[in-house]
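Working notes, structure below.
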Amino acid sequence: MKQLLTGNEAIARGAWEAGVCFASAYPGTPSTEITEAIAGYGEVNAEWAPNEKVALEVGIGAALGGVRTLVCMKHVGLNVAADPFCTLSYTGISAGLVLICADDPAMHSSQNEQDNRYYARLAKVPMLEPSTSQEAKDFVKLAFEMSEKFDTPVMVRVTTRISHSRGIVELKPRKSLARKVFKPDPKKYVMVPSNARMRHRVVVERQKNIAEYGEKSPINAIEPGKGDIGVVSAGVAYQYAREVFPQAHFLKIGLSNPLPKEMVRKFAKGKKKIYVVEELEPFMEEQIAAMGIAVEGKSRLPEIDELNPDVVRDGFVKKRKPHKADVVEGLPNRPPNLCPGCPHRGLFSAIKPLKLVIFGDIGCYTLSVLPPLSTHDSCVCMGASIGMSHGYSKVGGNTTQKSVGVLGDSTFMHSGLTGVMEMAYNKGSNTVIILDNRTTAMTGGQNHPGTARTLKGEDTVSLNLEEVCRALGVKRVFRVNPFEVKATREVVKREVSIEEPSVVISTAPCPLIFKVKSAPLAVDADKCKECGACLKINCPALTKRGEKAFIVDYLCNGCGVCGQICPFDAIGVPASK
Amino acid sequence: MKTASTEKKAAGKATSKEPIDILIVGVGGQGIILASRIISQALVYAGYDVKQSEVHGMAQRGGAVSSHIRAGEKVYSPLIPYDSARYMLSFESLEALRYMSYIYAGSTVLLNDQKIDPPSVASGQQQYPPDVIERIKKKAKDVRVIPAADVAFELGNERVVNVILTGALAGNLPVSRKIWMKTLSELVPAKLMEINTKAFERGMQFSNR
């Protein structure tokens with residue numbers, strides 16, 4: 001049977017066909033849907049972990065517990081999970097363990113575009129790079145075979161265009177496997193220095209064996225063509241290159257770490273030019289150049305952004321001349337925005353007049369950086385807001401301009417706890433605001449340890465934010481309703497002025513996920529003095545008709561924040577309705 | 001610029017599965033993802049190799065959204081090269097202008113006349129471009145304006161704009177009515193099948209065929 005599947009759905013299907021019984025992940029674009037899809041298979045126990053490090057650790061335990069295990073994350077998630085990842089390479093596995101890493105070239109929804117292929121080299125872990133949905137499925141299955149054959153975790157690296165593109169996939173039945181029984185083996189699993197020294201030797205030897213395997217496996221393939229140009233490529237870049245060089249010789253790499261060097265040498269022989277077509281860093285190019293083979297790659301292609309057929313053609317064939325109608329100067333941009341009725345708009349409208357330095361974090365709330373709301377001073381990584389705000393205030397930053405750390409509930413679970421612990425322990429005086437919308441909103445509304453629901457939809461305990469913050473040593477913990485703008489402002493204003501650490505929990509459910517909607521509001525044109533204050537909260541439902549403010553009723557969520565901002569009481573529920 | 005697909009078109013060679021590149025553009029929340037799924041799935045049923053690509057994440061929050069659908073005997077890149085989208089289906093008026101690079105003189109542009117103000121227009125800092133159709137016509141001759149929001153209003157459900165537009169494109173594609181109906185019934189909820197069938201058929205009236 002054939003089906004049109006996204007790369008993410010195909011990965012989940014491949015893992016299921018491979019007999020996977022356990023999956024763990026923290027949501028992150030573009031990887032989120034893999035775990036959502038695999039949770040739909042009854043045979044698979046799938047979990048949202050609080051962060052990627054925990055997800056991988058749980059995965060390691062499950063693999064040692066004897067079942068094939070899938071762990072998924074986005075590229076920056078592997079930074080969080082890098083600690084277990086690099087040592088897991090030494091211990092190896094028991095049942096197969098595959099780590100899916102979804103990179104985001106062009107940063108469609110990320111804070112950087114690091115090329116995680118280097119992690120595979122760093123940890124000396126084999127890495128597969130599928131170029132279609134069909135390959136995504138097939139490679140995941142092969143990854144499990146390799147994982148058990150070579151006693152290693154295997155990384156499957158995809159990118160946004162693999163994860164979120166649909167292609168035709170042939171479906172196969174599930175392989176049924178018996179659970180392996182864990183055999184204690186301290187020399188293999190207990191990484192004290194004496195054991196780790198031995199294991200590092202094993203890892204180096206293993207990589208040699210995998211390299212040999214890669215020379216013979218059909219996962220790497222020479223595809224003969226015409227002419228004297230040879231193209232080396234992997235992942236979605238291969239598909240772009242195929243389109244641009246329909247006739248050329250190709251070396252299609254599926255196992256890109258370790259590279260099949262003998263195959264590369266054989267391929268390069270007799271060719272006038274070798275082109276390496278790869279996204280982001282010159283990962284393969286530098287290794288091939290180091291073998292003494294003349295290659296062209298990043299001299300012709302950018303190291304930033306994602307590729308597409310046009311970028312490849314521009315670099316290697318001929319630069320396209322844009323049509324004069326293509327250049328549309330001054331076209332109004334359409335950046336993503338906080339939704340109508342988003343509680344974050346209430347919170348930021350409340351604290352904006354306080355002129356605080358706002359250390360932000362990773363989540364929907366970062367969208368409030370856009371003008372005219374313009375309420376963010378930093379965004380680095382998950383959980384950074386708390387430590388940054390603490391550091392800023394510790395060196396006296398707060399004597400001139402008060403700061404706050406602002407992060408979401410899911411982000412707080414992910415890596416905010418240690419920040420709060422730090423702030424309390426080291427006698428901080430700053431304020432943390434937790435934007436508690438009861439979900440992981442940015443990635444589409446996933447459950448987390450505070451939602452009382454598991455990924456499989458079961459009821460469970462819910463982490464109590466107030467109690468946790470108090471237990472971490474913060475005495476001043478308060479809850480506010482962000483739709484009560486003035487009251488929220490007063491609480492934050494008071495807390496930033498008190499020389500003690502504090503946490504303000506701003507609670508209101510995400511209207512997109514929980515489908516919260518009240519009757520739409522309207523502007524009373526007679527009362528509107530055209531001051532524009534309401535437009536500064538950047539609500540999609542608010543616009544202008546002539547010089548007067550106007551609410552587009554089908555977009556309005558009825559949250560009432562604009563009405564509290566209006567100095568002339570011109571916004572409310574229309575009398576006729 | 002010539003691409004593999006445009007060269008084939010230029011040669012006018014009637015292969016059984018001539019490549020068809022379709023670009024759908026609009027604003028997050030307009031139902032572009034469902035429309036893309038319906039069109040891609042129908043092309044699969046019609047025997048094409050199909051790839052479809054879109055970007056999730058930030059784009060869902062009212063940002064600009066684009067979806068690439070490529071069909072043919074064998075499709076490589078999931079992204080359409082510039083100057084080669086046979087069809088552009090624009091769910092929102094000015095969004096068509098953002099993706100002009102993808103169309104060529106022989107493209108058919110199906111334009112929903114709905115206007116959704118971007119933030120800079122809503123706050124009065126910028127003007128909504130008054131000459132969208134004229135600008136598109138500088139590159140592609142065949143521009144068809146579809147009042148999808150008005151039709152949806154007549155049908156009594158503003159949420160069916162995406163299916164009306166899908167219908168408007170559908171009539172141009174080498175896919176049978178039977179396949180479209182099968183695909184629709186698989187991808188829209190059963191209780192909404194009746195209204196969506198009506199919407200699809202009203203949309204089809206805007207096609208040439």
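Derivation of every value follows stated rules applied to the coordinates shown; laboratory data play no part. In this text the structure is predicted, and so the values were computed from the model without any measurement. Using ideal geometry, Cβ is built from the backbone for each residue, glycine included, and neighbour counts are taken over all protein chains shown.
Express in % the proportion of alpha carbon pairs of region B:86-209 at distances exceeding 27 Å. Intermediate values should be presented prior to the final figure.
Details: 1747 of 7626 pairs.
In whole percent, the long-distance tail amounts to 23.
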Round to a whole angstrom and tell me the spacing of the C-alpha centers of region A:505-523 and region A:1-26.
35 Å
Note, ³J(HN,Hα) from phi for region A:473-484, Karplus 6.51, -1.76, 1.60, rounded to Hz, x at Gly and Pro
x, 8, 8, 8, 10, 9, 10, 10, 9, x, 7, 9
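Order of A:321-333, A:226-238 by packing, highest average Cβ count within 10 Å first?
Top of the packing list down: A:226-238, A:321-333.
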List every residue whose amide H lies under 5 Å from the amide H of B:Val109, counting only residues 5 or more places away in sequence or on a different chain, with H placed 1.01 Å from N in the peptide plane.
B:Met88, B:Asp142, B:Val143, B:Arg144
Once the Cα gyration tensor of region A:2-216 is diagonalised, semi-axes √(5λ) in Å:
25, 19, 17
What is the angle, in °, between the Cα long axis of helix A:52-64 and the longest principal axis of the Cα atoms in chain A? Nearest 10 is fine, range 0 to 90.
40 degrees
Expressed in angstrom and rounded, the centroid-to-centroid distance over alpha carbons for region B:56-127 and region A:234-261 is 29 Å
Separation between Cα centres of region B:128-181 and region A:425-493, rounded to whole Å:
45 Å
Just to check I understand the Karplus step: with θ = phi - 60° and J = 6.51 cos²θ - 1.76 cosθ + 1.60, what whole-Hz values come out for region A:305-315, glycine and proline as x?
6, 8, 8, 7, x, 5, 5, 5, 5, 4, x
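Classify region A:140-213 from the C-alpha gyration tensor, please: rounded if a/c falls under 1.5, else prolate or oblate depending on whether a/b exceeds b/c. Could the numbers behind the result be given before it?
Numbers: a/c = 2.56, a/b = 1.74, b/c = 1.47.
Prolate is the answer for region A:140-213, as a/c is 1.5 or above and a/b outweighs b/c.
DSSP loop (so not H, G, I, E, B), at most 15 other Cβ within 10 Å: list which GluC sites (Glu not before Pro) in region A:434-518 pass both filters.
When the GluC sites (Glu not before Pro) of region A:434-518 are filtered for loop state and at most 15 Cβ neighbours within 10 Å, A:Glu458, A:Glu499 remain.
Shielding of A:367-380 by partners, i.e. mean partner chain Cβ atoms within 10 Å per residue? Kindly include the intermediate steps, with their values, before the conclusion.
Working: counts 4, 0, 0, 1, 4, 4, 1, 0, 0, 0, 0, 0, 0, 0.
Average per residue, whole number: 1.
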Long-range amide H partners of B:Tyr99, meaning residues 5 or more apart or on another chain whose placed amide H is closer than 5 Å, are none
Relative to the longest principal axis of the C-alpha atoms of chain A, give the angle of the C-alpha long axis of helix A:133-150, reported between 0 and 90° and rounded to the nearest 10°.
60 degrees
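In terms of the Cα gyration tensor, with a ≥ b ≥ c the square roots of its eigenvalues, is region A:1-74 rounded because a/c is under 1.5, prolate because a/b exceeds b/c, or oblate? Don't jump to the answer; show the numbers that get you there.
Values: a/c = 2.35, a/b = 1.27, b/c = 1.84.
The shape class here is oblate.
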Measure of size requested: the Rg and Dmax of region A:221-316, with Cα atoms as the atom set and Å as the unit; please supply both.
11.9, 33
To one decimal place, what Kirkwood hydrodynamic radius in Å is obtained for chain A from all pairs of distinct Cα atoms?
26.1 Å
HN-Hα J in Hz across region A:99-114 - Karplus 6.51, -1.76, 1.60, θ = phi - 60°, x for Gly and Pro:
9, 8, 10, 9, 7, 10, x, 6, 6, 4, 8, 8, 9, 8, 10, 4
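Plugging the Kirkwood radius over Cα pairs into Stokes-Einstein for region B:34-153, at a temperature of 37 °C and a viscosity of 0.692 mPa s, what D comes out in µm²/s? Intermediate results must be reported in sequence, preceding the final value.
On the way: Rh = 15.7 Å.
Estimated diffusion coefficient is 210 µm²/s.
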Rounded to the nearest 5, what is the percent of antiparallel bridges among the DSSP beta bridges in the protein assembly as shown?
35 percent
By the Cα gyration tensor axes a ≥ b ≥ c (a/c under 1.5 gives rounded; else a/b larger than b/c gives prolate, otherwise oblate), the shape of region A:277-368 is oblate
Please list the three semi-axes, largest first and in whole Å, of the ellipsoid equivalent to region A:522-572, using sqrt of 5 times the eigenvalues of its alpha carbon gyration tensor.
14, 12, 10
Can you work out the base-10 log of I(q)/I(0) for region A:343-514 at q = 0.08, 0.11, 0.12 1/Å, using the Debye formula on its C-alpha atoms alone?
-0.21, -0.40, -0.47
Binning at 5 angstrom from zero up to the longest distance, how are the C-alpha pair distances of region B:143-209 distributed in percent?
4, 20, 31, 24, 15, 6, 0
Considering only DSSP states other than H, G, I, E and B, which trypsin sites (Lys or Arg not before Pro) in region A:405-477 qualify as loop sites with at most 13 other Cβ atoms within 10 Å?
A:Lys427, A:Lys475
Rounding to the nearest 10 and keeping the result within 0 to 90°, find how far the Cα-based axis of helix A:7-17 lies from the longest principal axis of chain A.
60 degrees
For A:Arg453, other-chain or 5+-apart residues with amide H closer than 5 Å (H placed, Pro excluded) are A:His448, A:Thr460
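Out of all DSSP beta bridges with both ends in region A:221-316, state the antiparallel percent to the nearest 5. Walk me through the numbers before you get to the answer.
Details: 3 of 15 bridges.
Roughly 20 percent of the DSSP beta bridges within region A:221-316 come out antiparallel.
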Entries of A:Lys2/A:Lys175; A:Lys515/B:Lys115; A:Lys216/A:Lys273; A:Lys319/B:Lys51; A:Lys321/B:Lys141 with Cα pairs more than 22 Å apart:
A:Lys515/B:Lys115; A:Lys216/A:Lys273; A:Lys319/B:Lys51
